[in-house]
Structure formats: C-alpha cells, structure tokens
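Data first, discussion second: the structure below is written as structure tokens.
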Amino acid sequence: MQRRGNWFVVGLGCVLGCVIAVTTSGCSTIGGGGEREIRRIAIIPFAYRGPDDSVVCTVCPDVGDVQETSREDALLVTAFFHEALTTYPRLSILPFEAVDRLLVPDMAESLDRLQVAEDIDAVLVGTLVALRPREGDPRNPSARGGASVYAALVDPLTENVLWVGTRDGVQQPPPVTVGRVREMISGEPIRWHSDLGQAQVYAEQLVKEMVKSLR
C-alpha cells in the first residue's frame, strides 16, 4: 500500500554507468552561505508526484510544475546524487541508513533532527520534476529520453538556501567527429540515454556545480 509523505528509503543501491558528453539547459545560483565551511552533508530523498502518493519539498523555492513520476524513480535519482557526492573526498556524506532513522513527514523537523543528531553542515534536498521516456530503438530513437531535476543545498539551522540548481532537457548528439570515433571504437551506433540515464547525467553535473560553489 502506498503512503502519502513516506520518507523512508527502500532498496537504494549504487548506480554505476558510463555517460556520453552532453549539452544541457539549466541554471544554478548561490546564496546565504556566508563563510561557514560545508563538510558534512545529509541527503533527503527527493520529492516527487506519483499516481497514488506524493512528497512535496517544503524548503525548495520555485520548483515549478511537477509532473507525474514515482517514488521509486525519485529514490533512484536520490541515489545518483549520493553516488556523485561520494566521489569528493573532502565531503562527508551521511549514510542513507543514518538519514532514514531521523526522517519524519515534516521536512523542517527532519532538518532539525538531522542537525542535532548528526551535526551536519547542510542538507541536500530536491525534486524529480519530470521524466520523459525514450521511444523507439535506443540506437535511433523516435524521441530521446529526457529529465527535469531540481536540487538545493539548505542550511539545517536556518533553512536558508545555500545553493540551488536545475537541469531540464534531453540528451544532445555529440559533435560529428566524436560520434564517428566512438562508433569506430565500439563498432556500434551510439545508444541514447533513457529518461533515468539522462537524470543521472544531470545529477553528476549538478553535484559538480554545487561542490564548486562551496570552494
């Protein structure tokens, strides 16, 4: 049975994959960080709108119109962000299990509980805004897979947004020369990303931007 506002993380694992260079539409802004160093970060499962349930990110400004996806998709996108952040040694990312035991339906209260219990510097929150399925043959799709992802880094003490970034679009074709070289090496045409594959690319890009903003 589905539960409205369920924050618990179930069945999250490492998500590994190779990505193709893409051009994207998106933006990021920084604000309110002051001089406090950000080292220890918790990640709250991303919000979403599902067919039977939904979770709203109440500390995410200006998310926009959220389209229907699913809890499972949102958890997978959360895992993409978690995996991308663990590649930065100077950051300490709270394990999913530690976050899970402190989450409650009220997001602001969850931030308080995480800060008190785990002494975190910031919380990464976000919303899976949309997924656009790839259609047809992966090597020559009639419609490319796409995604829209929103992420924000929030101060758990003040709920001030320290950084916010978005990505929205589909995979773009690589430069002609690059595409031909890849086809020569692999012997096969390029396989275009699925919607979740594109969401993973965006997660990696957004994490890179966020970490750069903390320097």
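Derivation of every value follows stated rules applied to the coordinates shown; laboratory data play no part. No experiment lies behind these values; they were computed from the predicted model shown. All Cβ positions, even for glycine, are placed from backbone atoms using ideal geometry, and neighbour counts span all protein chains on display.
In table form, for the structure just shown:
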item: Approximate spin-label separation D65-D52, in nm, with each point projected 7 Å along Cα-to-Cβ; result: 2.7
item: Amide proton proximity set for I43, modelled H, under 5 Å, gap of 5+; result: L94, L124
item: Sorted by Cβ density within 10 Å, fewest first, the residues V201, V149; result: V201, V149
item: Residues K212 and N140, FRET efficiency given R0 of 35 Å [Cβ-Cβ distance, rounded to 0.05]; result: 0.45
item: Ranked list, fewest to most other Cβ atoms within 10 Å of each Cβ, for R71, R139; result: R139, R71
item: Footprinting exposure proxy for D112, D155 (fewest neighbouring C-beta atoms within 10 Å first); result: D112, D155
